[in-house]
Structure formats: C-alpha cells, structure tokens
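Read through the structure below, which is laid out as structure tokens, and then see the notes.
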Amino acid sequence: MSIRDWDLPGELFWFGDELSRLGFRIRRHGARPPQPGSRAPQVDIHENDEAVILLLDLPGVRKEDISLQLYSGSLTLEGKRTRLAGTRDVRLERPAGRFRRSFRIGVPVEPAKVQARYRDGVLEIALPKPGPGGPAAAGVRLAVE
C-alpha cells in the first residue's frame with residue numbers, strides 16, 4: 001500500500017467542474033442516456049451555427065415504424081422494433097417492443113426546413129435554426145425519408 005498526498009479541495013473542484021459540464025449538456029438538449037436494457041435508442045447530438053443535428057441508432061427498426069413530432073421546442077421519437085417471426089430467442093441485446101424518447105431542443109428551429117433521413121439503421125435529424133427574426137418551432141409531425 002502506498003501513501004500519496006491527496007488534494008481534497010483540488011479533487012472536489014475538478015469533480016464539481018465535471019458535474020457542471022455534464023449538467024450543462026443534459027440541460028442544453030434535454031437528453032439523458034437510456035437505461036441499460038432499454039428499448040430507447042442511443043443518440044449523439046451535435047450543434048453548429050446553422051442547425052442542431054441528432055443521430056439515433058435504430059438497428060432493426062423499419063422506417064414505417066418510426067414517428068417524429070416537433071412541438072413547442074421538444075422533439076419526440078416513437079417507434080417499435082419487432083422480433084424475428086418464426087424463431088426462438090437465444091440472446092437478445094436489442095430488445096423488441098415500443099420505445100419513446102423526447103428531447104428538449106433548447107434553441108429556436110424552423111419546422112418547415114427540418115429533415116429526417118434514415119439510412120443503415122441510423123436516423124439523422126437536422127433541425128435548422130432560423131435566421132434573425134425567423135419562426136420558432138410549432139407543433140408539426142415530421143416525415144422520415
């Protein structure tokens with residue numbers, strides 16, 4: 001066993017700084033990671049000057065089983081993953097069933113210009129920011145391409 005100096009105030013400052021950064025990210029886009037074993041998809045959220053971009057992992061989900069709704073600054077994704085018919089489940093790491101996940105966007109977006117593309121099991125949603133004096137988000141159901 002070795003003894004080393006421990007800088008309690010320094011460690012607490014570092015820990016508080018990390019919690020603050022994490023808390024800011026969670027509050028900024030309202031995303032909490034799904035619980036292990038959850039049917040909810042994992043997401044990456046990116047932002048630049050023009051848009052907020054979400055990338056959601058949805059392997060095994062048919063495009064027809066995905067529903068998106070933008071309402072009052074929140075984006076809600078609903079869908080379902082179905083089991084393979086006529087098989088016996090040996091191991092399931094991608095649980096089947098319905099899922100729902102909501103995100104508070106945190107910035108104004110232009111609903112008419114929102115794009116959702118589903119390719120190779122990844123749903124990419126681009127939420128363009130309005131120009132100066134542009135419209136804010138209203139309630140709208142989004143089509144997935």
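List of remarks:
- Distances between placed amide hydrogens fall under 5 Å for Glu47 paired with Ile53, all partners being 5 or more residues away or on another chain.
- Label zone at Arg117, where the point sits 7 Å out along the Cα-to-Cβ direction: the stretch 49-87 residues whose backbone N lies under 17 Å: 50-58, 63
- Estimated inter-spin distance, Glu124 and Lys63, nm [label 7 Å along Cα→Cβ]: 1.4 nm
- Packing order of peptides 42-48, 85-91, highest average first: 42-48, 85-91 (average count of other Cβ atoms within 10 Å over each peptide's residues).
Laboratory data are not the source of any read-out in this text; all were calculated from the coordinates shown. Bear in mind that the values here come from a model prediction, so they are computed numbers and not experimental data. Backbone-built Cβ (ideal geometry, glycine too); neighbour counts: all protein chains shown.
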